[in-house]
Every structure is written in structure tokens, then in C-alpha cells.
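Down below is the structure, laid out as C-alpha cells.
The values are calculated or read from the model by the stated rules, or taken from the named source; none is laboratory data. Being a predicted model, the structure only gives us computed values, none of them experimental. Cβ coordinates were reconstructed from backbone atoms using ideal geometry, including for glycine residues, and neighbour counts include every protein chain displayed. These accessible areas exclude ligands, DNA and RNA; they are computed on the full protein's heavy atoms, side chains included. Shrake-Rupley method; radii C 1.70, N 1.55, O 1.52, S 1.80 Å.
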Amino acid sequence: MPRKFAVFGHPASHSLSPRIHAAFAAQFDQTLQYDIIDAAPEQLADALERFAAEGGVGANITVPHKVAAFELCAEVTDRARRSGAANVLTRVGDGWHGDNTDGTGLVRDLTGRRRLDLRGRHVLLLGAGGAARGVAVSMLDAGVRRITIVNRTPANADALVDTLAAPDHVGSRYWKDMRDIGDFELIINTTSAGRSGEMLDLPSSLVNTLTTAVDISYGEVSIGFLSWARAAGCRHAFDGLGMLVEQAALAYEHWHGKRPDTDEVFADLQSHSVEFASGD
Ligand code: ATR
């Protein structure tokens, strides 16, 4: 049976993962069987088992399944455990091994492609859901000085602060106090507001002339936040396409033992991304 790969999401039809993995495979003259599997939340466990029975050995997991996938795993990496979510599953024996490459993918995009030095930075993290948790873990590992978490529901921000267990480096503030919390070199939007067509209410006082803003979603759903960033005067603002390509490369390397060139694939997909620099 050929080794099969797939991305699981709901909805999933828009996923760029098949294209990204096919482009990586082409760099090594490989062809892959990589499918899109749209599974509703209550079908995820069964869909993953069926996939494994049909030769599925590697799965990318996207919205809204990352926490559920983590909970289905027989074993997980340390970074997946700390994130409480898994976006890469690998079949090992009769079970799934889970990893989380999202946060590392974001750090690679920021430090490699965008040439940002994260060490010593003060980061504003908008949102405190599953995605925020993975991002916060990776930012701490990358050596940021401080993360300020602001979330619509303050209790969720406080819960994330507690989970991260790094009181010297992480704190939370109320959304309603955002005008009083100063400005930041890096602002990361992890909220799902754009996915539901909602605009975030953000003051321009968060921004200085050196601020970089990143939305971990990509394409259309990131436009609201990135338009705010542009109007507020950020130096640079971009979506999560680079993160998407980097997290996929980490998965590819894990499954196939080869490290693909991500710049070429990122360039090919740029029509799907949103980005601007000051002066644009
Ligand atoms: P994900 O897995 O993408 O992180 P999630 O765990 O459901 O999804 O988290 C969504 C995040 O977006 C939460 O932080 C949520 O805030 P609440 O904790 O208050 O629910 C945030 N969010 C969603 N819609 C929002 C909106 N319109 N304004 C501000 N924050 C929003």
C-alpha cells in the first residue's frame, strides 16, 4: 500500500497544504498521495482511523481540530504537550504521534524570512485560545523578554498566563485598558475574529514606527487586522502564509527525512498572502 498523507480540517477545501507538500516533494523528484479530508468535529476520530486503515501515515491538522487531535494521540512531543494542541500526526504502530510545528513555523518565518531578532522583545499577543498557546510557548523558547496577553474574555487570558508558568515573562491586561499599555515592537493576532468576519477594536497607541504586526491567519481573513496595522502606522505587517509554509516544511522533514526549500514555495503562493511595508 502506498504511504498516504492528508490534511484534516472543517472546512478544509481551501487548504493550501496539498499544494505546499506537492511542491516540496517535487524538489526531491518525489510524488505524494496527499488528500484533503473534511471531517466534522464529531467525525475526526473515526476519519483518522479510517485514514490509517487505508495506508495513512501522516496527517496535517487544521482548524478546528488541533486540540481534539492532540487528545487523540498516544504520544506527543514536548512542544505539543506544552501547546495543548497538535497540527502534525504521524502513525506509529497502532496510534498517532502528535507534534506541534505551528509556533516553531512562526518563529522561523519571523527570524529567517523577516529577519526579526526576537530576543529581548516585548510582544503583544492578541487572543488566548488554542493558537495563542502554541505561539506563546514558541515565543518564550525564542527568548522574548515579555509577552503581554490581551483577550476579549479576561479569564481566558489569565488561564493562559497560568498555563505558561513563566510569571517573570508573561502577564495579561484587559482589552478595555489597551489604550494605556504602551506600544510594542511586535503584535501578533491569534484571535479567530477575522474568520467570523469581525473587526477587532484596537487603538493606534499600540504601534510605533518600528512595530511589526503579524496575523497568524492568511489571506482574506487577515485583511481586517492588517488594514488596521497599516492605518496605525506599523513598519511592516504580514499574514501567516510564511508560518504556514514553515510549519509544513517541519512536517515534511519529519515524514520524509529531507528539508525542503521554503522560499521558492512561499514565493509561488504569494498571490494568496497579504503584506505591506511602511511607504507601500
Ligand atoms: P484557535 O484555535 O484559532 O485559537 P479558539 O481556541 O476558539 O480558536 O480561540 C479563539 C480566540 O479568538 C479566543 O482568544 C477568542 O476570545 P475569547 O477567549 O474571548 O473567546 C478570540 N476571539 C474570537 N472572536 C473575537 C472577537 N470578535 N474579538 C476579540 N477576540 C475574539
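Modelled label-to-label distance, residue 117 and residue 74, 7 Å Cα→beta-carbon offset: nm?
4.6 nm
Where a ≥ b ≥ c are the square roots of the eigenvalues of the C-alpha gyration tensor, would you call the chain rounded, which needs a/c under 1.5, or, failing that, prolate if a/b is larger than b/c, or oblate? Mind showing how you got there, number by number?
Numbers: a/c = 1.91, a/b = 1.51, b/c = 1.26.
Here the chain falls in the prolate category.
Label residue 168 and residue 204 with points 7 Å out from Cα along Cα→Cβ: what is the distance between them in nm?
Once both label points are built, they end up 3.8 nm from each other.
For segment 207-266, which trypsin sites (Lys or Arg not before Pro) are in a loop by DSSP, counting at most 14 other Cβ atoms within 10 Å?
Details: sites: 230, 235, 258; in loops: 235, 258.
Passing sites in segment 207-266 are 258.
Could you let me know the centre-to-centre spacing of segment 53-68 and segment 86-115, using Cα atoms, in angstrom?
13 Å
Full-extension gain between residue 254 and residue 53, please, as 0.36 nm times their residue separation minus the C-alpha to C-alpha distance.
Numbers: separation 201, 0.36 × 201 = 72.36 nm, distance 2.09 nm.
My answer for the length gained is 70.3 nm.
Please enumerate, by chain and number, the lysines with C-alpha under 28 Å from the C-alpha of residue 66, excluding those fewer than 8 residues away in the same chain.
4, 258
Hey, what's the chain come to in accessible area per residue, 1.4 Å probe, Å²? Don't skip to the answer; put the middle values down first.
Values: 12640 Å² over 280 residues.
I get 45 Å² per residue for this part.
Rounded to a whole number, what % of the accessible area of the chain do carbon and sulfur atoms account for, probe 1.4 Å? Don't jump to the answer; show the numbers that get you there.
Working: 6000 of 12640 Å².
Percent of accessible area from carbon and sulfur atoms in the chain: 47.
How much length, in nm to one decimal, is gained on full extension between residue 1 and residue 158, taken as 0.36 nm per residue of separation minus their Cα-Cα distance?
Details: separation 157, 0.36 × 157 = 56.52 nm, distance 4.81 nm.
This chain segment gains 51.7 nm when fully extended.
Could you please put 178, 1 in sequence from largest to smallest accessible area, using a 1.4 Å probe?
1, 178
Classify segment 103-241 as rounded, prolate or oblate from the Cα gyration tensor: take a ≥ b ≥ c as the square roots of its eigenvalues, call it rounded if a/c is under 1.5, otherwise prolate when a/b beats b/c and oblate if not. Show your work: numbers first, answer last.
On the way: a/c = 1.27, a/b = 1.09, b/c = 1.17.
It is rounded, given that a/c, with a ≥ b ≥ c, falls under 1.5.
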